[in-house]
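What follows is a single structure, written as C-alpha cells, with notes after it.
All of the numbers you see were taken from the coordinates with simple rules; none came from a lab. From a predicted model like this one, the values you see are computed outputs, not experimental measurements. With ideal geometry, Cβ positions are generated from the backbone for all residues, glycine too; neighbour counts draw on all protein chains shown.
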Amino acid sequence: MDHEFRRRLTDNRMALAGGVIVVLLFVVSLAAPWLAPYDPLAMDLTRILDPPSWRHWCGTDQLGRDVLSRMIWGAGISLKVGFVATGIAVAIGALLGALAGYYGGWWDAVIMRLVDIMLCFPTFFLILAVIAFLEPSIWNIMIIIGATGWMGIARLVRADFMSLRERDFVTAARVLGAGDARIIFRHILPNAMTSIVVAATLGVAGAILTESALSFLGIGVQPPTPSWGNILTAGKDNIDIAWWLSLYPGLAILITVLGYNLLGEGIRDALDPRLRDGR
Amino acid sequence: MLKYILKRLLFMIPMLLGITVICFGVMHLAPGSPTDLQTQMNPRASAELKERLRAMYDLDKPLYIQYGLWVKRLLVLDMGKSFAPDRRPVTEKIGERLPVTITLNVLSLLLILAAAVPLGVVSAVHKDSWFDMAVSVFVFVGFAVPTFWLALLLMILFGVDLGWLPISGLRSLNYEYLPPAAAFWDLVRHLILPVGISAFGGLAGLSRYMRANMLEVIRQDYIMTARAKGLSEFQVIYKHALRNALLPAITILGLSIPGLIGGSVIFETIFAVPGMGQLFYMSVMARDYPTIMGILFIGAVLTLVGNLLADVAYAVADPRIRVG
C-alpha cells in the first residue's frame, strides 16, 4: 500500500464508512462471547416472542431466546461464510483466469466457454439443488457458493494477464530463465492483485447475501446455530405477531453488505481515479 | 440477420449440453438417493425392494447411460415422470407453472426498465444535484438489501398492519365468484408485492448503469453538434442522448435474467406463488430428480433465449451493429 493510495482511500468518506463497518463487524464477531448479553442457545419458555424491551433489546424468538445475542453470534457465521466462500472463488477464478490469459489458444477457448456456461445459468437454482442434496452444513455452503461465484474474477484476471504478459518485465523474467509457473505466480499475479482485491471485497458481500437467502429458505445454516438468515425464517413464521424477528436481522445483513460494497468501491476509486466520474 | 439467429440457436445446443451435464453430474454424485424417502421410513423395506425401486427409476444404470436416456427422451419433449407421489409427467407439471413465472419476470423486467431509465437519465443530466445524491444512496442500499427481507417488511406493513394487500397466493378464495373486473383487480393486488420487490432487486444495477452511460454519451461530439444547431435541451437529452445511452442497457437487461429466474425461487416461496420457482423448491426438498432436471433445463433455455433476444434487439435498434 503506497502512501498516495492510502491518502486517496481515507479521503473517500464512503470507503472510510465501509471500512469502519467492516472492522466493527470483525470486533463484534470476535468479541461475541463477551458482548452477547445472553447465551444465544438458552431458551426461556416464560418469555416467548417478547417484544423489544430493556431486558431484551431486540426481543425474543419463538423459543424465548434473546434475538440480540443470536444476531451477535450470527455475525461471526456470516463473516466466516463470506470469507471462505470468496477465498474459494478467488482461488478458482484467479487460477483459471491466469491460465486462460497467459496461455491463450485452447486454454482460453475452453475456460471461457466454461465461464459462459456458468454465467448464463440461474446459479441460485444450482446452489439450492446441491446444498439440499449434500445435507446443508456450513462447509458445504461455503464450497458451493465459492464454486459458483468465480466467473467474474476469472474474467478480470484473464484480461489483466492478456495485457501484462506482453510487458517488458515478463520478457525480462523469461530471458532470465524463469519458468511459466514462476512467471505466472511471482511476476504477473502480483500485478493483477488490485482488481482481485476489489472483486473479492464485493464478493464477500454477495456471499453473505446468498448465505442469508439459503438460511432463510431453511437449507443454509441449520438451527439451533444462529444465523441472520434463519432468524428471518422465524420472522416469516411469526409474521403477524413478531415484527422484531424480521426487522433486526435484515438490518444487520443490509449494513454488513453495504459496508463491504462501500469499501470495495472505495478501493477501486482509490486505485483508479479515472473511474471516479464514470459511475 | 436470420443467419445470425440460426447460428446463435445452433450454438445453444452445446451450451445446453454443457449445462445439463454439469447439473446431472452434480445431482447424481451427491450422496443419498431419491428412493431413500420412500424406504427410510419403512422398516419392512428389504434390500431387494430397494433395488427394484432403483431399477424402476433407472437409477441402477451407470451415470452416462442415465444421461443418455434423459437426452434421448428430451428430444421428443419428454422429461420423464415426476418422482413425487402424483407421478405426473414433468413437462405437464412445469407447463402449468411456467406461464406464472414468465409473467412475473416479464412484468418485473418492464417495471425495472420503466423506473431505472428515468432515474439514471435524470441523475446523469443533473449530476451532483440532490436528486443525483438521493439516487446514489438508493442504488447503494438497493445493492445491499436482501430482497427477501424487504419482502417480509412490506408484507408486515401492507399485509398485516395496513391490510391493504394480500400476502400470499395469486388469487383470493372467492376468485371464481368475482365479476371479471373485480377478478382482474384481485389478481393485480396479488401481483403488486411480488413483482414490485422482484423488480427492486434489478433496479439498482440498471439505473446506475444508465447514469454512467448517459454521462458518457453527453460528453460526445454529436451532442455538442445537436446543441450547436439550436435544438432544445429536451430534444438533445431525450432524443439524441437517450437513444444512444439506452442501447447498452438492453444487454444488461439480458444479463439480469438468470438473477431474476433464480430469485423467483425466493419470491414464489415467500408469497406462495404457484410458479416454477416454488415447484423447484418443493422438488429439491423431495429429491424429485426428473422435475429438478426439467426446471434447470428450462431455466437455462429461458436465460439463453433471453440473452439472444437482447442481442437481436440490440442489433435491430443500433444500425451501427452489423451481425452475421
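Angle between the Cα long axis of helix B:90-125 and the longest principal axis of chain B, 0 to 90 degrees, nearest 10?
That helix lies at roughly 20 degrees to the long axis.
Residues of the stretch B:272-311 with amide nitrogen under 11 Å from the 7 Å Cα-to-Cβ point of B:Asp318?
B:311
Give me the inter-chain shielding for B:145-158: mean count of other chain Cβ atoms within 10 Å, whole number please.
Shielding by partners across B:145-158 averages 6.
What lysines sit close enough to B:Lys93 to cross-link, taking a C-alpha to C-alpha distance under 28 Å and skipping anything fewer than 8 places away on the same chain?
A:Lys236, B:Lys50, B:Lys61, B:Lys72, B:Lys81
From the C-alpha gyration tensor of the protein assembly as shown, pull out the three semi-axes of the equivalent ellipsoid (sqrt of 5λ each), sorted largest to smallest, in whole Å.
38, 32, 30
Could you work out how much longer the chain between B:Arg73 and B:Ala47 gets when fully extended? Use 0.36 nm per residue separation minus the Cα distance between them, nm to one decimal.
Between B:Arg73 and B:Ala47, full extension yields an extra 6.4 nm.
Over the Cα atoms of the stretch A:1-103, Rg to Rh with Kirkwood Rh, two decimal places?
That ratio is 1.19, to two decimals.
Given a Förster distance of 41 Å, report the FRET efficiency between B:Leu309 and B:His126 from their Cβ-Cβ distance, rounded to the nearest 0.05.
0.80
For B:294-303, what's the mean count of beta carbons from other chains sitting within 10 Å of each residue's beta carbon?
That works out to 3 on average.
Which helices of chain A meet both criteria: a Cα extent of 30 Å or more along the helical axis and a mean Kyte-Doolittle score no lower than -1.0, with helices taken as whole DSSP H segments?
Going by DSSP H runs, the hits are A:67-103, A:189-216, A:243-271.
Evaluate E = 1/(1 + (r/R0)^6) for A:Arg55 and A:Asp237, where r is the Cβ-Cβ distance and R0 equals 25 Å; express this FRET efficiency to the nearest 0.05.
According to the calculation, E is roughly 0.60.
Angle check, please: helix B:63-75 long axis (alpha carbons) against the longest principal axis of chain B (alpha carbons), in degrees 0 to 90, nearest 10.
Between helix and principal axis, roughly 60 degrees.
For B:Ser256, what residues show an amide H to amide H distance below 5 Å, using hydrogens built from the backbone and excluding near sequence neighbours?
Excluding prolines and chain starts, which carry no amide H, there are no hits.
Tell me the angle of helix B:130-144 to the major Cα principal axis of chain B, expressed in degrees between 0 and 90 and rounded to the nearest ten.
Result, in degrees: 10.
Which of the peptides B:284-295, B:98-109 is most tightly packed, and how do the rest follow, judged by the mean count of other Cβ atoms within 10 Å per residue?
B:284-295, B:98-109
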